[in-house]
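Some notes on the structure that comes next.
Where a number appears in this text, it was derived from the coordinates with a stated rule and is not lab data. Because the structure is a prediction, the values reported are computed rather than measured. No Cβ is skipped: glycine too gets one built from the backbone with ideal geometry, and neighbour counts run over all protein chains shown.
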Amino acid sequence: MPQPQALTPELQRAAAAILADLRRHAPQLSLSEADISTLTPGVAAWLERDTHPDALRHALTTDLPVPLRHPAKLLRHRITALLPPPLPGARELEAVRPRTIVIPLQNCDRCDRAFRSRHSGHCRDCRTDLPTVA
């Protein structure tokens with residue numbers, strides 16, 4: 001069973017409330033208080049990983065077997081097997097995020113208008129006005 005890094009009272013209450021509320025969404029998932037207290041740390045681990053309660057509820061209540069003989073065992077399995085990975089931090093995403101290419105501003109040698117180019121020279125209007133050498 002997954003364990004949260006820090007099982008705060010707020011996290012514990014939220015996890016227990018989600019488990020107790022499951023029977024509203026799937027009546028066959030009626031759990032005892034002992035089952036709820038056993039499963040609470042696993043649900044808290046999901047919530048600690050920023051899983052939305054609706055997504056957690058969906059993962060636990062969809063495609064239930066008929067008949068469901070041991071709801072707590074099924075939920076223990078799903079809480080463990082479907083646990084999402086922790087969200088990556090800013091440092092991990094920085095390596096994946098493509099770098100923005102900034103093309104510097106240049107001033108046109110002819111009219112002093114600013115334009116973006118890697119090389120100095122003439123702006124687009126001045127380049128079209130230059131006589132072509134044949």
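With no solvent and one point per C-alpha, what does the Debye sum give as log10 I(q)/I(0) for region 1-41 at q = 0.15, 0.25, 0.31 Å⁻¹? Normalising to I(0) and taking log10 leaves -0.35, -0.84, -1.08. Computing Rg and the Kirkwood Rh from the Cα coordinates of region 22-78 gives a ratio, Rg/Rh, of 0.94. Excluding the site residues themselves, the longest part of the chain lacking any trypsin sites (Lys or Arg not before Pro) in a DSSP loop with at most 16 other Cβ atoms within 10 Å is 1-48.
Residues whose amide H comes within less than 5 Å of that of GLN106, counting only those at least five positions distant or on another chain, are PHE115, ARG116, SER117 (H built at 1.01 Å from N in the peptide plane).
In the chain, helices alone account for a calculated mean residue ellipticity at 222 nm of -15000 deg cm²/dmol, with every DSSP H run of four or more residues adding -39,500 (n - 2.57). Over all projection directions, the Cα-based convex hull of the chain averages an area of 16.1 nm².
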